[in-house]
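Asks: Handing you a structure now.
The values are calculated or read from the model by the stated rules, or taken from the named source; none is laboratory data. All of these numbers come straight from a predicted model, not from anything done at the bench. Here the Cβ is made from the backbone with ideal geometry for all residues, glycine too, and neighbour counts use every protein chain on show.
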Amino acid sequence: MKTFDRTDLDNLERRELHLSILAAVIVLIMAGGVAVLMYPLVFVRPDESSKWTMRVAFVGFCVLSLLFVGYLLDRQRTVRRLKQQLLEELDRNLALRHQASVDLLRTMPDLNRFWDCLAMEHRRALTMQHSLSLLIVLIRTAPAISRPEDADQVWGEAAKAMARKLRPSDSTYHLDPGVFAIVLPETETAQAKTVARNLEETLHAVGASRFSAVISVYNFPEHVGSDHEFEEIVRSVLATRQTGQPETVVR
């Protein structure tokens, strides 16, 4: 179902105003013309047998015409009031979405939790002789998003979009502003790349013109041989992000 935005509501109100004005003008012209034609028969040369009946009908016709014009004007005021209510509801929904995204971002596991999880998952993969994949997701906000609270909302929406595409066994961590890590236990490189492509498509659809995403894929034992190498990769990504240098993506 399409969500109305402010442009849709402004266009709706403008069309409704034009329709109301056109209808009121047509009613006034037609009612005025009929009243002019009826006036001589009712007041100048009335039929004595039906004089009062004609006058009552004439007055009733004029009153009904004015009431109809008043109804059109009241209808326009109702449309304007409904527009204001919809705009208030839209603002309220946007505020709730913003708060939900910010709350999700603040409750996500941080870098310290990530180190513990990465070491534990690596020991498990080494013991069980399974693969372990790590995705590093870099979210780049658009230049128009300059306020910290807006950036938090963007990162929170990105985190929600990624969570919908992951398995229950996968875990997501917020390492730094705009930097996420996703640990994929028992996942080969080919499977991890498929997950990365799905995430890129989802983030592209959600982000539109507000942010873009770059995803790096690392696998044990194909790309790294120990948890320390994983840590070095993550530290390098974080350092590059903080200095503003271009990120190197290993896929």
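Asks: Return the residues of the range 79-101 that are exposed (fewer than 11 other Cβ atoms within 10 Å of the Cβ) and either touching a Leu at 6+ places or on another chain (Cβ under 8 Å) or not aliphatic (A, V, I, L, M) (or both); say none if nothing qualifies.
Replies: Step one: list which residues in the range 79-101 are exposed (fewer than 11 other Cβ atoms within 10 Å of the Cβ), which gives 81, 85, 88, 92, 95-96.
Passing the criteria: ARG81, GLN85, GLU88, ARG92.
This table checks each residue for (1) at pLDDT 80 or above; (2) of a type in the set (A, V, I, L, M, F, W, C); (3) in a helix (DSSP H, G or I).
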| site | (1), (2), (3) |
| --- | --- |
| THR7 | no, no, yes |
| HIS18 | yes, no, yes |
| ILE26 | yes, yes, yes |
| MET30 | yes, yes, yes |
| ALA35 | yes, yes, yes |
| LYS51 | no, no, yes |
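Asks: Let me ask something else. Where the second residue is part of a loop (DSSP other than H, G, I, E, B) and the first is over 14 Å from GLU229 (Cα atoms) and lies in the range 120-132, which pairs have Cβ atoms under 7 Å and are six or more apart or on separate chains?
Replies: Once the first residue is over 14 Å from GLU229 (Cα atoms) and sits in the range 120-132, its partners that are part of a loop (DSSP other than H, G, I, E, B) give ALA125/SER131; HIS130/GLU186; SER131/GLU186; SER131/THR187; SER131/GLU188.
Asks: Of everything in the range 204-234 that's within 33 Å of the chain's Cα centre (by Cα) and within 25 Å of ALA125 (Cα to Cα), which residue is surrounded by the fewest Cβ atoms within 10 Å (Cβ to Cβ)? Before you say what the answer is, go through the steps one by one.
Replies: Applying the first criterion (within 33 Å of the chain's Cα centre (by Cα)) to the range 204-234 yields 204-218, 234.
Retained after the next criterion (residues that are within 25 Å of ALA125 (Cα to Cα)): 215-218, 234.
On the way: ILE215: 21, SER216: 19, VAL217: 25, TYR218: 22, VAL234: 22.
The qualifying residue surrounded by the fewest Cβ atoms within 10 Å (Cβ to Cβ) is SER216.
Asks: Just one of LEU104, LEU132 is touching an Asp or Glu at 6+ places or on another chain (Cβ under 6 Å) and buried (at least 16 other Cβ atoms within 10 Å of the Cβ); which is it?
Replies: Only one candidate qualifies: LEU132.
Asks: Continuing with this model, one more query. Being outside any helix (DSSP H, G or I) and closer than 23 Å to THR240 by Cα is the requirement here; does HIS174 meet it?
Replies: Judged against the criteria, HIS174 is a match.
Asks: Which one is modelled with the lowest pLDDT among residues in the range 165-203 that are among the small types (Gly, Ala, Ser) and under 24 Å from the mean Cα position of the chain (by Cα)?
Replies: First pass over the range 165-203, keeping only residues among the small types (Gly, Ala, Ser): 169, 171, 178, 181, 190, 192, 196.
This time we only want the ones that are under 24 Å from the mean Cα position of the chain (by Cα), so: 178, 196.
Values: GLY178: 85, ALA196: 91.
The qualifying residue modelled with the lowest pLDDT is GLY178.
Asks: Same structure, new question: If I go through the range 97-125 residue by residue, how many of them are assigned to a helix (DSSP H, G or I), under 31 Å from the mean Cα position of the chain (by Cα) and within 14 Å of VAL234 (Cβ to Cβ)? Can you show your working first?
Replies: Residues of the range 97-125 that are assigned to a helix (DSSP H, G or I), as a first pass: 97-107, 111-125.
Going one step further and asking which of them are under 31 Å from the mean Cα position of the chain (by Cα), we end up with 97-107, 111, 113-114.
Checking the rest, the ones that are also within 14 Å of VAL234 (Cβ to Cβ) come to 111, 113-114.
Result for the range 97-125: 3.
Asks: Here's a follow-up. If we keep just the residues of the range 175-203 that are small (Gly, Ala, Ser) and out of contact with any helix residue (DSSP H, G or I) (no Cβ under 8 Å at 6 or more places or on another chain), which is surrounded by the most Cβ atoms within 10 Å (Cβ to Cβ)? Before you say what the answer is, go through the steps one by one.
Replies: Looking only at the range 175-203, we keep the residues that are small (Gly, Ala, Ser), and these are 178, 181, 190, 192, 196.
Going one step further and asking which of them are out of contact with any helix residue (DSSP H, G or I) (no Cβ under 8 Å at 6 or more places or on another chain), we end up with 190, 192, 196.
Details: ALA190: 11, ALA192: 23, ALA196: 21.
Only one residue tops the list, namely ALA192.
Asks: If I filter the range 194-240 down to residues being hydroxyl-bearing (Ser, Thr, Tyr) and assigned to a helix (DSSP H, G or I), which single residue comes out as nearest to TRP115 (Cα to Cα)? Can you show your working first?
Replies: The first filter runs over the range 194-240 and keeps only residues hydroxyl-bearing (Ser, Thr, Tyr), leaving 194, 202, 209, 212, 216, 218, 226, 236, 240.
The next check asks that each one be assigned to a helix (DSSP H, G or I); those that pass are 194, 202, 236, 240.
Numbers: THR194: 25, THR202: 27, SER236: 14, THR240: 19 Å.
This residue is SER236.
Asks: Could you grab the pairs with beta carbons closer than 7 Å, sequence gap of 6+ or different chains, first residue in the range 25-54 and assigned by TED's automatic domain parsing to the domain that holds GLY70, second one assigned to a loop (DSSP other than H, G, I, E, B) and at pLDDT below 75?
Replies: Every condition considered, the pairs that remain are MET54/PRO46.
Asks: Right, here's the next one. Looking at LYS51 and the list (1) more than 29 Å from the chain's Cα centre (by Cα); (2) under 21 Å from LEU17 (Cα atoms); (3) of a type outside the set (Val, Ile, Thr), which single condition is not satisfied?
Replies: Status for LYS51: all satisfied but (2).
Asks: Still on this model: Scan the range 152-164 and give yes if some residue there is surrounded by fewer than 14 Cβ atoms within 10 Å (Cβ to Cβ), part of a loop (DSSP other than H, G, I, E, B) and under 21 Å from the mean Cα position of the chain (by Cα), otherwise no.
Replies: no
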